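Asker: Quick one: structure below, then a few questions.
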Amino acid sequence: MKLVTAIVKPHKWEDVREALETFGVAGMTVTEASGYGRQKGHTEVYRGAEYDVTLVPKIRVDVVVDDADVADVVNVITKAAQTGKIGDGKVWVMPVESVVRVRTGEEGTSAL
Amino acid sequence: MSSPARVHGLPAPRSNPGSEAVLPGAFARARWERSDRCDSRLSELYQAAVAAVPKAAGRTSLVAVGGYGRGEMSPRSDLDVVLLHAPDVAAAHVAQLAEQLWYPLWDEGVPLDHAVRDTRTMRTVAGGDWRAALGMLDARHVAGDAALTGDLRSAVLADWRKGARKRLPELQAACQQRVERAGELAYAAVPDLKESHGGLRDGVVLRALVATWLVDVPHQQVEEHRAALLDVRDALHQAAERRSDRLQPELIPEVASLLGLDPESLSRHVRGLGRRTAHLFDLTWRRVEQALTRPSRLPGRRASRRPALERLGDGIAVLAGEVVLDQKARLEDDPFLALRAAVEAAERGLLLAPATAARLAASAPDPPDPWPDHARRAFVRLLAAGPGLVGVWEELDHAGLVGRWLPEWDGVRLRGSDSSVHRFTVDRHCLETCVEASKRLRDVGRADVLVVAALLHDIGKQLAGDHSVVGAPLAEQIAARLGFDAADVESIGFLVRQHLLLPVTAVRRDIDDPDTLAVVADAVRDSDRLALLAALTESDARSASPAAWTTWRAALLRRLVAAVQTMLASRSRGGAVVEPRPDARQLPPPAWAAGVGAGSYRMRVHPQPDGTRISVAAPDRLGLLADIAGSLAVSGLTIRAATAALHEDRSGERPAAVGVSWWDVDAAEVDVAGLRLRLDRVLDGSTDLGGRLLHAGTSSSAAARRAGAAPPRVHVLPGVSATATVLEVRAGDRPALFWRLCRLLADAEVDVRSAHVDTLGPQADDVVYVTDRSGRPFGEEAAQQLSAMLEQALADGVEGGRR
């Protein structure tokens, strides 16, 4: 099993969710996140005062998937979140040792 | 007695629940009957007990305390009873008597809360624990030695009154902790009828506060609301079939049915009771605070019986921390007296006395349509008053005045919100949005439009459909009735219609896409409206709940606004320079001002529908405007609007610069002779205004004293004039503000070529065209330095009167 984490633009979140649900992903964890990538380090002026926009608002999506689905899920997220502009985000994959469904105690892929 | 239901007088389950309960007073009657039955049963037990322990007879009694003492037993209430005995009754006899009393009740399963104490211990316990004291204040004799109970009651009441000044701060702190823990009855998703702010516990505390003799409350209102809440609790006990004070959503339909209401009406009913009780609770605590700050009367010294009225003018005064009417008030002639009283209260952070609001509502004529300018200005000041608005509005609304001013308000009053992100009802949310908007007045050019839009932004929630869309025509209709001109009505309608544009776009659209920005820029059209919409959006979100204005959402919104601002700025570049206000320098002076000679001046005074216009012409010199503004200020005249310009007077032998200014002041009548005398002395230099005006507005103005008032802002307006530097000053309106601004400019040797002063509710918006002594505009850096100097000096004036 793998944990797929995606950082996407907020307005792309609905597209990503729809694409994942269409693909068959049953559940996911979504978080409001802030961060920066290669576009870091600029400031903007708002009502006459400079403010730091180094931390750009994003949406973070975490999905645990079966090993066989990892490539497809990454592909689905990437296509759905892509605008072709700076700040589209990142997707990364990490190994997951175990998953337990709290309600039933099921373990492994059956808990997904 | 075979079951607790019989002890408590629980009626048998009805075949048709609610058919009996909806009769007026049915629940109250049931409560009294339950208490009566408990009294009878306890009397029987007491008689049997003293027969078994005759040595305890005569110097013992049974006393009902707490809710039972008040005769307010709900179906599942505890039975709070004290076996009271004189100190000299032997402990063994008392113990025997107690056994004879309590065991039968325990056997019957009665939820008994009992105590056995002598009169001395009772007083000691009441003296050390305010909870016990509150229970004993409602002590009621049930059986045995009535004189013993009577003595205890008198002693506990006397102790309570004697120790009130020391004990009430502790009680107040405990109440505040309870409110923080239990929340507001009017707004909680699962209200606690007993512990919430506005709940039954508040009603008991109010009784205890009245018992101190330090304060009084509107008794009938308080008792009616408490009885109505008790009815709801009784129905809740019946529906839940257990003791519970929390109105769980799944129980609401049955509770509503028992009370003869539909579920939505029950929710509104409970919220209304909670809101009013909470308001009276807070009002009474404020009265307690006032009473505690007054020294207690010394023995042998007669206190003055005359009320200490602080007159605020026009029939309005402050008495003991509440705004009231004085004997000069003309209730029948003035439809907006209540509005002016409300403004004075809200800006000072005081409350409108309930009796005053009721009297105003009963006597004041209906407002005309449209409202006159002065009434609209007062309404804007009320909305922009900050946190003081909420309590004052509650009083106005309860008295029925809000419904007369804004009939559309009836549709949102106490209306729950469909969105879980909202912590308040729709009406309270709108008021909280005004409070938030009052912190952002300096961000916008039209403070009046902002606060009215804040009040009305969710007015459409009473109608089906998208509330922004259906609310806009309603808001426009109200704005027109309030007397706004067509352009402002359109702006208010725009803000209401688009109040979700920025948050929706920021979160759900690609804000890096120029097309997205163009959609927003096309909708707002100019940077002034963008600033208004941004301020409304932030105020709306902050007042909804902390979840609606996270740093994440704020960052998205700010990025969007900054990007749209940049797009709007790039669109406006390359256009012709348009001066927003006329620059009259090249025009000849008006005929009446032509030929005014050195060392003299001319003045004209014209009555206006809602004030007076004063026109002054004098040979130009540095500080001329400051001197005229100061003369008006020391004459007690409040400048509402002003325009000033330099003219070239060619009527004489040589061209001369003449400063002509027009001043709109609030006063309907002006002491012309007195004003002329002041102008004579000020303009010839024989009177220095500085000493009299330097501190004006730093202590007397409620607006300036208001906690959290935003500091002044001074902006350089770029590209407005090719021949002058244009500064815009936004500051809280206060006496002598314009004098202070002009004085600061004169001290910095800056010429004021023209000035345009406007007051938008509580905010003064002054635009001044200035030049250096040679008549040229300042460079960019010098203009920014001048702006920063003014901003700092005006802020210092607000905070401490320094300069």
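Asker: Of all the strands (runs of 3 or more DSSP E) wholly in region A:1-84, which have at least 3 residues that are at pLDDT 95 or above?
Answerer: Counting at least 3 such residues, we get A:2-8, A:56-65.
Asker: Give the residues of region B:586-604 that are under 16 Å from B:Ile614 (Cβ atoms) and at pLDDT 85 or above, sorted by residue number.
Answerer: Matches in region B:586-604: B:Tyr601, B:Arg602, B:Met603, B:Arg604.
Asker: Here is a list: B:Asp369, B:Asp410, B:Asp397. Which entry is at pLDDT 90 or above and in the same structural domain as B:Leu456 (by TED's automatic domain parsing)?
Answerer: B:Asp410 is the lone residue from the list that is at pLDDT 90 or above and in the same structural domain as B:Leu456 (by TED's automatic domain parsing).
Asker: Can you tell me which of (1) on the phi > 0 side of the Ramachandran plot; (2) part of a strand (DSSP E or B) is the one B:Gly599 doesn't meet?
Answerer: Every listed condition holds for B:Gly599 apart from (2).
Asker: Looking for something part of a helix (DSSP H, G or I) and without any contact (Cβ under 8 Å) to a residue 24 or more places away in the chain - is there at least one such residue anywhere in region B:183-195?
Answerer: no
Asker: Next question. Show the residue pairs meeting these rules: Cβ distance below 6 Å; 6+ apart or different chains; first residue within region B:589-601 and closer than 11 Å to B:Gly652 by Cβ; second residue among the hydroxyl-bearing types (Ser, Thr, Tyr).
Answerer: B:Ala594/B:Ser651; B:Gly595/B:Ser651
Asker: Are any residues in region B:503-535 more than 10 Å from chain A (Cβ to nearest Cβ), assigned to a helix (DSSP H, G or I), charged (D, E, K, R) and touching a helix residue (DSSP H, G or I) at 6+ places or on another chain (Cβ under 8 Å), and if so, which ones?
Answerer: B:Arg529
Asker: Which one of the conditions (1) surrounded by fewer than 16 Cβ atoms within 10 Å (Cβ to Cβ); (2) touching a Pro at 6+ places or on another chain (Cβ under 9 Å) does B:Glu184 fail to meet, given that it meets all the rest?
Answerer: (1)
Asker: Name the residues in region B:206-250 that are among the basic types (Lys, Arg), over 27 Å from B:Ala158 (Cα atoms) and either touching a strand residue (DSSP E or B) at 6+ places or on another chain (Cβ under 9 Å) or surrounded by fewer than 20 Cβ atoms within 10 Å (Cβ to Cβ) (or both), would you?
Answerer: Across region B:206-250, the qualifying residues are B:Arg242, B:Arg243, B:Arg246.
Asker: Report, by residue number, each residue of region B:251-275 that is of a type in the set (D, E, K, R) and surrounded by fewer than 22 Cβ atoms within 10 Å (Cβ to Cβ).
Answerer: B:Glu254, B:Asp262, B:Glu264, B:Arg268
Residue-by-condition table, conditions (1) outside the structural domain of B:Ala644 (by TED's automatic domain parsing); (2) at pLDDT 90 or above; (3) not in a helix (DSSP H, G or I):
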residue	(1), (2), (3)
B:Val720	no, no, yes
B:Trp739	no, no, no
B:Arg776	no, no, yes
B:Gln792	no, yes, no
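Asker: Could you list all residues from region B:429-459 that are more than 25 Å from B:Pro368 (Cβ to Cβ), in contact with a strand residue (DSSP E or B) (Cβ under 9 Å, 6 or more places away or on another chain) and charged (D, E, K, R)?
Answerer: Selection gives B:Arg442, B:Asp443.
Asker: Continuing with this model, one more query. Only one residue in B:Pro13, B:Pro54, B:Pro24, B:Pro17 is within 30 Å of B:Ala91 (Cα to Cα), modelled with pLDDT under 90 and out of contact with any Pro (no Cβ under 9 Å at 6 or more places or on another chain). Which one?
Answerer: B:Pro54
Condition check ((1) surrounded by fewer than 17 Cβ atoms within 10 Å (Cβ to Cβ); (2) small (Gly, Ala, Ser); (3) touching a Pro at 6+ places or on another chain (Cβ under 9 Å)) across all residues:
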residue: B:Val82; (1), (2), (3): no, no, no
residue: B:Pro104; (1), (2), (3): yes, no, no
residue: B:Val110; (1), (2), (3): no, no, yes
residue: B:Thr119; (1), (2), (3): no, no, yes
residue: B:Arg131; (1), (2), (3): yes, no, no
residue: B:Ala143; (1), (2), (3): no, yes, no
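Asker: For B:Arg29, indicate whether it is surrounded by fewer than 20 Cβ atoms within 10 Å (Cβ to Cβ), under 38 Å from the mean Cα position of the chain (by Cα) and charged (D, E, K, R).
Answerer: yes
Asker: While we're looking at this one, here's another question. Can you pull out the residues in region A:71-109 that are within 19 Å of the chain's Cα centre (by Cα) and at positive phi?
Answerer: A:Gly84, A:Gly87, A:Gly89 - these are the residues of region A:71-109 that are within 19 Å of the chain's Cα centre (by Cα) and at positive phi.
Asker: Can you tell me which condition B:Ala531 does not meet? The list is (1) surrounded by 21 or more Cβ atoms within 10 Å (Cβ to Cβ); (2) at pLDDT 90 or above, and all the others hold.
Answerer: (1)
Asker: Condition first: under 21 Å from A:Gly35 (Cβ atoms) and at pLDDT below 95. Now tell me which residues in region A:85-112 satisfy that.
Answerer: A:Lys85, A:Ile86, A:Gly87, A:Asp88, A:Gly89, A:Lys90, listed by residue number.
Asker: State whether one or more residues within region B:598-612 are over 25 Å from B:Leu744 (Cα atoms) and of a type in the set (A, V, I, L, M, F, W, C).
Answerer: Yes, region B:598-612 has at least one match.
Asker: Going through region B:202-253 one residue at a time, which ones are among the β-branched types (Val, Ile, Thr), closer than 20 Å to B:Gly25 by Cβ and more than 28 Å from the chain's Cα centre (by Cα)?
Answerer: If the condition is that a residue be among the β-branched types (Val, Ile, Thr), closer than 20 Å to B:Gly25 by Cβ and more than 28 Å from the chain's Cα centre (by Cα), then B:Val232 is the only one that fits.
The values are calculated or read from the model by the stated rules, or taken from the named source; none is laboratory data. Fair warning: this is a prediction, and the values are worked out from it, not measured in the lab. A quick note on method: Cβ atoms are made from the backbone with ideal geometry, for glycine too, and the neighbour counts reach across all protein chains shown.
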